[in-house]
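What follows is a short report on a single structure.
Nothing in this text is a laboratory measurement; each read-out follows from the coordinates by a stated rule. Fair warning: this is a prediction, and the values are worked out from it, not measured in the lab. Positions of Cβ are backbone-derived with ideal geometry, glycine not excepted, and every protein chain shown enters the neighbour counts.
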Ligand SMILES: [Zn+2]
């Protein structure tokens with residue numbers, strides 16, 4: 001079981017990926033946790049519509065992301081603005097995550113599971129998860145890594161726990177019975193992805209798959225509705 005922390009950070013690849021932990025985040029915010037979202041790409045390739053140019057889609061999705069963050073009470077939203085499909089494991093990208101981690105000083109960080117065997121995942125998801133873990137340990141923790149960031153006033157910080165969504169083997173289940181509707185609402189803020197998609201199944205109510213997924217995860221954890229994570233602990 002994870003205790004509700006004072007501060008939690010969510011680092012994710014595309015606008016809407018934060019939905020992987022949005023129920024837990026919404027519950028924790030109700031309890032008083034402060035949360036920072038770090039969105040790595042602008043999601044500008046997330047359409048099949050050739051009439052929607054990437055520059056316009058990026059603007060639409062940035063607003064959708066702001067709406068989704070606000071809907072669950074997240075006030076600190078950082079957009080790194082890399083192109084969709086363009087994340088790479090570079091010193092520069094890692095440094096930007098190090099800076100955000102040292103600035104916000106979360107006890108818990110959520111991100112994508114970087115390694116999955118059961119299915120293929122988006123390259124940006126794998127890279128975002130892997131670079132986040134590296135940024136946490138050892139780069140954000142030790143002052144001589146990114147010494148220029150240390151000198152700029154961003155002191156080293158030790159994250160205690162990482163929770164990975166999308167893992168093959170979730171082992172930690174958070175009860176989101178009090179926030180599953182907020183999670184569904186947050187998802188619906190990403191209108192271009194879930195509500196206005198041209199090839200969407202008209203017989204399905206957008207948002208239902210959130211409730212169904214949370215119920216399935218709940219069955220695994222003995223809870224009515226849950227999110228499931230793989231947990232990594234670091235010595236603090
Ligand atoms: Zn994604």
Quick note on 148, 34, 18, ordering by fewest other C-beta atoms within 10 Å, gives 148, 34, 18
Stretched fully, the stretch from residue 88 through residue 203 gains (0.36 nm per residue minus C-alpha distance, one decimal, in nm) 37.6 nm
Note to self, the chain gives a 222 nm [θ] from helices alone (DSSP H runs n ≥ 4, -39500 (n - 2.57) apiece, / all residues, nearest 500) of -11500 deg cm²/dmol
Here the relative contact order (percent) of the chain, from C-alpha pairs under 8 Å and at least 6 apart, is 24
Per the 1/(1 + (r/R0)^6) rule, R0 = 22 Å and r from the Cβ atoms of residue 158 and residue 45, FRET efficiency to 0.05 is 0.05
With a ≥ b ≥ c from the Cα gyration tensor eigenvalues, square-rooted, and the rule rounded for a/c under 1.5, otherwise prolate when a/b > b/c and oblate otherwise, the stretch 7-233 is oblate
Counting only DSSP beta bridges fully inside the stretch 7-233, the antiparallel percentage to nearest 5 is 30
